[in-house]
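Okay, structure first, notes after.
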Amino acid sequence: MRIALAVALLVACGDDGHTTGDGGPGDGGMDDDAMIDADPNMRGTVTVRVVDKNGFPIGAMYVVFIDTDSTVTERMTDAAGLAVADVYPNASVTAIRNRGMSYAIATVQALNPGDVITLISASPTVSSSEDPFSQRVVPMPSADIAASPNGATKSGSIATFTTVGPHGLNGNDRVIVANVGVAGYNGVWTVASTPTPTTFTANLGSGSLANSGTVATGGATATKAVQFTINYPAFAADTYQVHTRCGSVDVGSVTSAVLDLPITCTGPMQEVEVRAQTSAGITFATKAQSNINVTHGGSVTLTGSWSGVATLAATFTNPTQQVSQITFARFSPHVRGLPFAETTQAAMATTLASLNVSLPSSAGNVTTLTCFNGSAPGCLSTASGATSQRITHHVGGSSSYSLDIGANLLPWVVAVYNAAATTLDITVMGSAPYDIFEANLRYVRGQSIYTWRVFGPIAGSVKFPTLPTTAPGDPTLLTSDIPSSFQAFVGESDAINGYRDAIKNPFESLGHCEASANPMLKSYVGTQNRISQWN
């Protein structure tokens, strides 16, 4: 459902109830983990830890446990971000983050005594764009810059930045400043001084800038950077592009590229690829090297000859009626930023695709399966929402790739909001195992906006919990609430061992399943990651 309100979409990821997770019986489904593994007549301790994108604890956040006998236990997280309660198996826990008239809610179902769950959220002082409760995705770790007009000021050549929490910077560190309302503050700077744990200065050169900081359109951030130099021999190219685990950087015609990379995506065992390109951005030669340790002040010289692009032949077989279109993208050497090449074709019994790509020692193949409304007899997409699946394989530098679509599909999910029953009704087609289900709803009540995410082991219709009236915003759904958007997801990754493993950190688990190429989001491990969604 898409209703024209200026709010972000929600997401879900889940389990189908017929299987027990990606590792077989006992590995992730409610029937095994949530029921058999725990004595239904014995209470035990469940611990919830709430942290921000940097892993710092968030205290004073409302948490409520709802037990199978309807016992309600309200808590506030302590200074360590912890909330603890004793519950029976299959209880639920809900945490609420409120900021002004905005309420972001996360519920985890099918708890077992002994579970320790980490939920990633944000303090009330930080923009909602930094909060996975409302945005689903986990941002790269960084310091949040305070709101305008006090977050960024300039006197003469010196700018002073104020952060909401400790910035962790020292003098002479490199820092990437992004999303400040006045663009002149954004860029990569050298820290001149750190007067306090929440302020730092940098020389931005001459010229005046109006006071600024974080504005309503998004959270401004300061990210510590590593400066690393990559040298490579010249090629008859107009321009070069360097690809690392942090994404891609256009470096012009230089053959000694000095890069400022976010510290959170640097480190050892990286592969680096340099692409020689025409002025139109067409790559005609590449050079790659693996096992590089990217550290501050370090450098590497790529050796060996330049390689021309090669032909990658991909074969897709066994599509179902729910697939009418296949989009195949090749990323190298990491699934970050824009793909090396991409093609979209109509699905046939056997679909052949050919891409001109590089062949480094590691790469990523991403296949997106879609069906436009009415384009196939079994298509589940409608005018109110679309279904799709994405399969990400991290592979070696082979010049061939094959995918049995039917054997790799997750269940398809379709979501419809039932206002009369205040439920999100989920239809599931397929029985393949998976790790986690997540459904979410955004709705409006007066001037308040609510975003509610529910995690569970089984993909099915969601009845959002009835919470105490003392909960912030009293968010229990009313028939008069106006739905804005909703989504449903099921996800699977070979980096996750079923639902019990997934809910140790459900937002991280969603990241594994989705394997986003967005360099502004956290990157995740796993050689096969799959997501099925409705939105």
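The values are calculated or read from the model by the stated rules, or taken from the named source; none is laboratory data. All values derive from a computational prediction rather than experimental measurement. For neighbour counting, all protein chains shown are included, and Cβ atoms are generated from backbone atoms with ideal geometry for every residue, glycine included. Accessible surface is based on the protein model in full, side chains and every heavy atom, while ligands, DNA and RNA are left aside. Shrake-Rupley method; radii C 1.70, N 1.55, O 1.52, S 1.80 Å.
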Requested in this report: For L510, indicate whether it is assigned to a loop (DSSP other than H, G, I, E, B), open to solvent by less than 30 Å² (accessible area, probe 1.4 Å) and either among the hydrophobic types (A, V, I, L, M, F, W, C) or closer than 24 Å to A122 by Cβ (or both).
Outcome: no
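Could you tell me whether any residue of the stretch 133-142 is touching a Leu at 6+ places or on another chain (Cβ under 6 Å) and surrounded by fewer than 20 Cβ atoms within 10 Å (Cβ to Cβ)?
So in the stretch 133-142, the residues touching a Leu at 6+ places or on another chain (Cβ under 6 Å) come out as 137.
From the residues that got through so far, the ones that are surrounded by fewer than 20 Cβ atoms within 10 Å (Cβ to Cβ) too are 137.
Yes, that holds for at least one residue.
Within the stretch 333-377, count every residue that is in contact with a Cys (Cβ under 8 Å, 6 or more places away or on another chain), without any contact (Cβ under 8 Å) to a residue 60 or more places away in the chain and of a type outside the set (S, T, N, Q).
Our first condition is that a residue be in contact with a Cys (Cβ under 8 Å, 6 or more places away or on another chain); within the stretch 333-377, this holds for 336, 371-373.
Pick out the ones that are also without any contact (Cβ under 8 Å) to a residue 60 or more places away in the chain and you get 371-373.
Among the residues that remain, those that are also of a type outside the set (S, T, N, Q) are: 371-372.
Total satisfying the criteria: 2.
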**Report entry** Test: residue in the stretch 470-492 that is farther than 18 Å from V93 by Cα, buried (at least 24 other Cβ atoms within 10 Å of the Cβ) and among the charged types (D, E, K, R)
**Finding:** yes
Query raised in the report: Scanning for something hydrophobic (A, V, I, L, M, F, W, C), open to solvent by less than 40 Å² (accessible area, probe 1.4 Å), in contact with a Leu (Cβ under 6 Å, 6 or more places away or on another chain) and closer than 30 Å to V254 by Cα, does the stretch 306-325 turn up at least one residue?
Result: yes
Requested in this report: Pull up the stretch 342-358, narrow it to residues that are buried (at least 19 other Cβ atoms within 10 Å of the Cβ) and out of contact with any Asp or Glu (no Cβ under 7 Å at 6 or more places or on another chain), then point me to the one that is nearest to G247 (Cα to Cα).
Outcome: V357
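Given G364, G374, G397, G406, which one is of a type outside the set (A, V, I, L, M, F, W, C), in a loop (DSSP other than H, G, I, E, B) and open to solvent by less than 50 Å² (accessible area, probe 1.4 Å)?
Details: G364 fails: in a loop (DSSP other than H, G, I, E, B); G374 fails: open to solvent by less than 50 Å² (accessible area, probe 1.4 Å); G406 fails: in a loop (DSSP other than H, G, I, E, B).
One residue alone meets the criteria, G397.
On the given criteria, is N150 open to solvent by 20 Å² or more (accessible area, probe 1.4 Å), under 30 Å from S208 (Cβ atoms) and out of contact with any Leu (no Cβ under 7 Å at 6 or more places or on another chain)? Even if it seems obvious, please write down each step before you answer.
On the way: open to solvent by 20 Å² or more (accessible area, probe 1.4 Å): yes; under 30 Å from S208 (Cβ atoms): yes; out of contact with any Leu (no Cβ under 7 Å at 6 or more places or on another chain): yes.
Spelling it out, N150 is indeed open to solvent by 20 Å² or more (accessible area, probe 1.4 Å), under 30 Å from S208 (Cβ atoms) and out of contact with any Leu (no Cβ under 7 Å at 6 or more places or on another chain).
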Query raised in the report: From the set of residues in the stretch 409-426 that are among the small types (G, A, S) and not in a strand (DSSP E or B), which is most open to solvent (accessible area, probe 1.4 Å)?
Result: A420
Report summary line: With criteria (1) among the charged types (D, E, K, R); (2) assigned to a loop (DSSP other than H, G, I, E, B); (3) in contact (Cβ under 8 Å) with a residue 60 or more places away in the chain, E74 comes up short on (2)
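Can you pull out the strands (runs of 3 or more DSSP E) entirely within the stretch 178-268 that have at least 1 residues that are under 28 Å from the mean Cα position of the chain (by Cα) and among the charged types (D, E, K, R)?
Numbers: elements: 187-196, 199-203, 221-231, 239-244, 247-252, 256-262.
Those strands (runs of 3 or more DSSP E) span 221-231, 247-252, 256-262.
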Report task. Tell me which of these G213 doesn't satisfy, since it passes every other one: (1) open to solvent by 20 Å² or more (accessible area, probe 1.4 Å); (2) on the phi > 0 side of the Ramachandran plot. Result -> (1)
Requested in this report: Specify the residue that is nearest to Y499 (Cα to Cα); the eligible residues are those in the stretch 427-438 that are of a type outside the set (G, A, S) and in a loop (DSSP other than H, G, I, E, B).
Outcome: D435
